[in-house]
1. Grab the Cα-Cα distance for ILE30 and MET93, subtract it from 0.36 nm times how many residues apart they are, and report the gain in nm with one decimal.
2. In degrees, nearest 10, range 0 to 90: what is the angle between the Cα axis of helix 11-31 and the longest Cα principal axis of the chain?
3. Accessible area of ASP34, 1.4 Å probe, to the nearest 10 Å²?
4. With charges only on Cβ, +1 for K and R and -1 for D and E, what is the dipole size of the stretch 35-129 about its Cα centre, in debye, rounded to 20?
5. Please express the shape of the stretch 1-59 as an equivalent ellipsoid: the semi-axes are the square roots of 5 times the eigenvalues of the C-alpha gyration tensor, given largest first in whole angstrom.
6. Using 1/(1 + (r/R0)^6) with R0 = 30 angstrom and r between the beta carbons of GLU8 and CYS48, what's the FRET efficiency to the nearest 0.05?
7. With θ set to phi - 60°, apply the Karplus curve 6.51 cos²θ - 1.76 cosθ + 1.60 along the stretch 99-106 and write out the HN-Hα couplings as whole Hz, x wherever there is a Gly or Pro.
8. Evaluate the Debye formula for the chain with equal point scatterers sitting on the alpha carbons, no solvent, and hand back log10 of I(q)/I(0) at q = 0.10, 0.13, 0.16, 0.22 Å⁻¹, in q order, two decimals.
Amino acid sequence: MKKKNTPEPTLIERLTLVLSTLSSQLDAAIKEIDDTNIAAIVSIRHLCRLIGYISDAVVAAKSTNDTPADRARVARRYLAQLRGQAEQARMMMNGRRAEAARVELGITTAAIAQFLALIPEADETEMVA
């Protein structure tokens, strides 16, 4: 339960939590590497890509005043990138890389859920005047 005088976490603090979660997933994927597990390598590559997007969001957030409008603008931009990655993975589901696409889609979908749980203002469908 949030205390009344507790300040809301900054966008950078919330993005750091997303990075921490992705980092934990990356650590777990690294531990799964063996001679037969190609999914672990696919996971590692994709998690690194997502970590790059969120790291870019941190840099963008640092250049703002952390106002609600700034937070929403930065968060929407990076949520759009994550959703674009999910759509790209969905389109690849029928191709030769279907298994890799399935792994990437699962990771991206989880990252979107984590992102929205921590930064709900990113979802413009939730933004009502």
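The values are calculated or read from the model by the stated rules, or taken from the named source; none is laboratory data. All of these numbers come straight from a predicted model, not from anything done at the bench. So basically every Cβ, Gly included, is an ideal-geometry build from the backbone, and we count neighbours across all protein chains shown. In case anyone asks, the SASA skips ligands and DNA or RNA and just uses the protein heavy atoms, side chains included. Shrake-Rupley method; radii C 1.70, N 1.55, O 1.52, S 1.80 Å.
1. Working it through step by step, the gained length comes to 20.3 nm.
2. Taking Cα atoms only, the helix is inclined about 20 degrees.
3. Probe radius 1.4 Å; accessible area of ASP34 about 80 Å².
4. 300
5. Over the Cα atoms of the stretch 1-59, the ellipsoid semi-axes are 31, 13, 5 Å.
6. So the FRET efficiency works out to roughly 0.50.
7. 5, 5, 4, 4, 5, 4, 5, x
8. After summing over all Cα pairs, the log10 values are -0.36, -0.58, -0.81, -1.27.
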